[in-house]
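Student: First the structure, which I've put down as structure tokens, then a few questions once you've had a look.
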Amino acid sequence: MQSTNQKFRLQNGASWTSFEKFRLKGAEALSSIANGVIATLQTKTGQYRIIEERDFQAMYGLARDVERLRGGLP
């Protein structure tokens, strides 16, 4: 039986092809990154994903749960 996690319905959001383009947008760039949205920043050194704090905390919590389960149930 396959289950799906309804908690994460992440969607692609804004995308910037350089840090300079991201910087020029200023606070407007960050305001476009709402809960459930992942923005993309492409720079010379790599590609980066930017997520809202609540999404990060939820994913971090799940990752901690996975690590705890991998170590065996207490």
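Bear in mind that the values in this text are calculations on the coordinates, not laboratory data. Being a predicted model, the structure only gives us computed values, none of them experimental. All Cβ positions, even for glycine, are placed from backbone atoms using ideal geometry, and neighbour counts span all protein chains on display.
Student: Under a Cβ-only charge scheme (Lys and Arg +1, Asp and Glu -1), can you give me the dipole magnitude of region 4-74 about the Cα centre, in debye to the nearest 20?
Tutor: Roughly 140 debye, rounded to the nearest 20.
Student: Rounding to the nearest 10 and keeping the result within 0 to 90°, find how far the Cα-based axis of helix 53-70 lies from the longest principal axis of the chain.
Tutor: For helix 53-70, the angle is close to 30 degrees.
Student: Suppose we keep just the DSSP beta bridges with both residues in the chain; what percent of those would be antiparallel, to 5?
Tutor: 60 percent
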